[in-house]
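Novice: Got a structure for you, questions after.
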Amino acid sequence: MAAKVFKNFIGGEWVESRSGQTYENLNPADTRDVIGVFQRSDKRDVDDAVSAARQAFERWRLVPAPKRAEIIYRAGEILLERKEEYARLMTREMGKVLKETRGDVQEAVDTAYYMAGEGRRQFGATVPSELPNKFAMAVRMPIGVCGMIAPWNFPMAIPSWKLLPALVCGNTCVIKPAEDTPLSTLNLLKALTDAGLPKGVVNVVTGFGPEVGAPIAEHANVQAISFTGSSEVGRTVGVTAAQSFKPCSLEMGGKNAIIILDDANLDLALDGVLWGAFGTTGQRCTAASRVIVQKGVYRQFADRLIYRAQRLKVGNGQDESVEMGPQINEQQVATTEKYVQIGKNEGAKLEAGGKALNTPDHVYGWFFEPTIFTDVNEKMRIAQEEIFGPVLSLIPVDSFDQAIEIANGVTYGLSSSVYTRDVNKAFRAMRDIYAGITYVNAPTIGAEVHLPFGGTKSTGNGHREGGLGAIDFYTQWKSIYVDYSDRLQRAQIDTE
Ligand code: ADP
């Protein structure tokens, strides 16, 4: 059977790419399974999408925010009804296990409900004026057309973090899904259009980074850019946006650490590390890729972890008994293989996994064994660089202070975690770990949508998604002064 062809969505119409070019999207668990044929777009398609968004902005910005919010709320209801269908398609498209793709859709539902509430908030400020008979306030204004470039690891959740706050604030959007996961973004779009989103308010252009993402970032009529992906690409997007002074939110890599102290509940830590390191096959920007363990429990913890990791069931995520799915594509497996070799060369001890899986159940997909290095030195490349695969480094330490120093000793600062039963140490860790997120007695993954999400150092450029951070990013302030004195009053001058 011929694979279904999916088009771009521009100005409320399904349209082919101007070049007529397409590409195939394959199931990473079984590359014989073609998910669909998608448009391979270019700058001309981006131009069309931006002009549709520009036109729609003039109407959408005038729709009262609570009305915009009603559409978003309805989209949340629709997503909830279609949760199973969209989760199954997402597992086929992206590989992560069903439990996780259901969570991914749920995250879009949560974001919809949360952002729908913002339709009746979007709080500004009213403050006293320094002059008599004068009123002062600051209100939030939409920015205009927002360009969005998304990664593949949260194919619906991350686009929802970008689109829904932008929409409730009155912006219109042009979004480029990752080339590996366009279908889940189109499914999110479908929920929005079925909920009544007007034409041109969201436009989806599929294709590759340099061909679609770069023209979005460069476009003169795109007023803000939101990017999630690698630090390397983020840097070029940020530099491009800076040329035209566009607000630009960059959400990039992580090298997240879990600290396990001697007094930790080890059973709890064990479950947390397995989930943090091997959930989504290690392909989360918040994945735990370093576990810093105090020496009193180090060997015991390592042995128990290795035992459990070697028994994780790796396979097609559509099988409910599978615990870890494939990597997203061939390049990602090659990167993981490269880092395993680097780790061995650096003298770390490979104690679990280390190879791509090629049994008959795995031969058509991009599967890799859950991999654990022990006795890792914190300066090794496997302890410093983001791998984005199921590879975990165990680093032994003597003390709490040393653990914090090592946790902070990387160029990233996204997520972090500490397992301890000592409340004093927990609070010191909350204060001293220099990262955007710290969990106490929970792994590095599991962000909730109404809290700010993002990181320090090379993880980002200071913005946050989720929570109020998103409302801040997708609005700009306007200060308004209303003088009802009927005479000229001069701030700072008429001081008597
Ligand atoms: P990952 O390693 O997660 O694939 P990337 O940074 O390569 O991260 O990709 C994240 C998103 O950025 C994808 O949608 C990708 O197509 C897009 N992208 C890649 N290269 C560029 C580029 N030069 N300009 C803009 N977007 C790009």
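Yes or no, residue by residue, for (1) under 27 Å from R235 (Cβ atoms); (2) within 21 Å of the chain's Cα centre (by Cα); (3) open to solvent by 10 Å² or more (accessible area, probe 1.4 Å); (4) not assigned by TED's automatic domain parsing to the domain that holds V333:
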site	(1), (2), (3), (4)
F367	no, no, no, no
T371	no, no, no, no
A383	yes, no, no, no
P390	yes, yes, no, no
I404	no, no, yes, no
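Novice: Given the conditions (1) open to solvent by 10 Å² or more (accessible area, probe 1.4 Å); (2) part of a helix (DSSP H, G or I); (3) under 26 Å from T286 (Cβ atoms), which single one is not true for I216?
Specialist: With respect to (1) open to solvent by 10 Å² or more (accessible area, probe 1.4 Å); (2) part of a helix (DSSP H, G or I); (3) under 26 Å from T286 (Cβ atoms), I216 is out only on (1).
Novice: Something else: Could you look through the stretch 311-331, keep only residues that are closer than 24 Å to R381 by Cβ and open to solvent by 30 Å² or more (accessible area, probe 1.4 Å), and pick out the one that is farthest from the ligand (Cβ to nearest atom)?
Specialist: Among residues in the stretch 311-331 that are closer than 24 Å to R381 by Cβ and open to solvent by 30 Å² or more (accessible area, probe 1.4 Å), the one farthest from the ligand (Cβ to nearest atom) is E330.
Novice: Just to be sure I understand, how many residues within the stretch 338-354 are surrounded by fewer than 17 Cβ atoms within 10 Å (Cβ to Cβ) and within 16 Å of the ligand (Cβ to nearest atom)?
Specialist: Applying the first criterion (surrounded by fewer than 17 Cβ atoms within 10 Å (Cβ to Cβ)) to the stretch 338-354 yields 338, 341-342, 344-347, 349-350.
Subset that is within 16 Å of the ligand (Cβ to nearest atom): 338.
Qualifying residue count, the stretch 338-354: 1.
Novice: Quick one: in the stretch 321-360, of everything that is small (G, A, S) and in a loop (DSSP other than H, G, I, E, B), which residue is nearest to A309 (Cα to Cα)? Please lay out each step first, then the result.
Specialist: Residues of the stretch 321-360 that are small (G, A, S), as a first pass: 321, 325, 334, 343, 347-348, 352-354, 356.
Then keep just the ones that are in a loop (DSSP other than H, G, I, E, B); that gives 321, 325, 347-348, 353-354.
Details: S321: 15, G325: 14, G347: 21, A348: 18, G353: 9, G354: 12 Å.
The selected residue is G353.
Novice: Answer yes if at least one residue in the stretch 152-164 is away from the ligand (no atom under 16 Å from the Cβ), buried (at least 24 other Cβ atoms within 10 Å of the Cβ) and in a helix (DSSP H, G or I), and no otherwise. Before you say what the answer is, go through the steps one by one.
Specialist: We begin by selecting, within the stretch 152-164, every residue away from the ligand (no atom under 16 Å from the Cβ); these are 164.
Those still in the list that are buried (at least 24 other Cβ atoms within 10 Å of the Cβ) too: 164.
Next, from what is left, pick out any that are in a helix (DSSP H, G or I): 164.
Within the stretch 152-164, one or more residues are away from the ligand (no atom under 16 Å from the Cβ), buried (at least 24 other Cβ atoms within 10 Å of the Cβ) and in a helix (DSSP H, G or I).
Novice: State all residues of the stretch 248-286 that are open to solvent by 10 Å² or more (accessible area, probe 1.4 Å), within 16 Å of I372 (Cβ to Cβ) and under 15 Å from the mean Cα position of the chain (by Cα); if no residue qualifies, say none.
Specialist: none
Novice: Do you know which of the residues in the stretch 238-247 that are within 12 Å of the ligand (Cβ to nearest atom) and open to solvent by 10 Å² or more (accessible area, probe 1.4 Å) is nearest to W161 (Cα to Cα)? Give the derivation first.
Specialist: Residues of the stretch 238-247 within 12 Å of the ligand (Cβ to nearest atom): 238-241.
Adding the requirement that they be open to solvent by 10 Å² or more (accessible area, probe 1.4 Å) leaves 238-240.
Details: G238: 19, V239: 23, T240: 22 Å.
Filtering the stretch 238-247 for residues that are within 12 Å of the ligand (Cβ to nearest atom) and open to solvent by 10 Å² or more (accessible area, probe 1.4 Å), the one nearest to W161 (Cα to Cα) comes out as G238.
Novice: Here's a follow-up. Would it be correct to say that T185 is modelled with pLDDT of 95 or more and either more than 9 Å from the ligand (Cβ to nearest atom) or within 19 Å of the chain's Cα centre (by Cα) (or both)? Can you show your working first?
Specialist: Numbers: modelled with pLDDT of 95 or more: yes; either more than 9 Å from the ligand (Cβ to nearest atom) or within 19 Å of the chain's Cα centre (by Cα) (or both): yes.
Answer is yes for this residue.
Novice: Tell me yes or no: at least one residue of the stretch 40-55 is at pLDDT 95 or above and within 30 Å of G325 (Cβ to Cβ).
Specialist: If we filter the stretch 40-55 for residues that are at pLDDT 95 or above, which is where we start, we get 40-55.
Next, only the ones that are within 30 Å of G325 (Cβ to Cβ) stay: 40-41.
Yes, there is a match, as at least one residue in the stretch 40-55 is at pLDDT 95 or above and within 30 Å of G325 (Cβ to Cβ).
Novice: Okay, next question. Looking for whichever is more than 26 Å from E77 (Cβ to Cβ), more than 14 Å from the ligand (Cβ to nearest atom), touching a residue at least 12 places away in the same chain (Cβ under 8 Å) and of a type in the set (D, E) here; the options are D267, D180, D194, D262. Which one fits? Let's see the steps before the verdict.
Specialist: Working: D267 fails: touching a residue at least 12 places away in the same chain (Cβ under 8 Å); D180 fails: more than 14 Å from the ligand (Cβ to nearest atom); D194 fails: more than 26 Å from E77 (Cβ to Cβ).
After ruling out the rest, the residue left standing is D262.
Novice: Taking only the stretch 60-79 into account, find how many residues are part of a helix (DSSP H, G or I) and open to solvent by 80 Å² or more (accessible area, probe 1.4 Å).
Specialist: 3
Novice: Name the single residue that is farthest from the chain's Cα centre (by Cα) among those in the stretch 211-233 being near the ligand (Cβ under 8 Å from one of its atoms) and closer than 13 Å to P247 by Cα.
Specialist: Here the residue is A217.
Novice: State all residues of the stretch 421-469 that are among the aliphatic types (A, V, I, L, M), surrounded by fewer than 17 Cβ atoms within 10 Å (Cβ to Cβ) and more than 18 Å from I259 (Cβ to Cβ); if no residue qualifies, say none.
Specialist: If the condition is that a residue be among the aliphatic types (A, V, I, L, M), surrounded by fewer than 17 Cβ atoms within 10 Å (Cβ to Cβ) and more than 18 Å from I259 (Cβ to Cβ), then L451, L468 are the ones that fit.
Novice: Show the residue pairs meeting these rules: Cβ distance below 9 Å; 6+ apart or different chains; first residue within the stretch 470-496 and at pLDDT below 95; second residue open to solvent by less than 80 Å² (accessible area, probe 1.4 Å).
Specialist: Filtered contacts from the stretch 470-496: D494/L131.
The values are calculated or read from the model by the stated rules, or taken from the named source; none is laboratory data. The model shown is predicted, which means the values in this text are computed figures rather than measured ones. All Cβ positions, even for glycine, are placed from backbone atoms using ideal geometry, and neighbour counts span all protein chains on display. We work out accessible area using only protein heavy atoms, side chains counted, and drop any ligands, DNA or RNA first. Shrake-Rupley method; radii C 1.70, N 1.55, O 1.52, S 1.80 Å.
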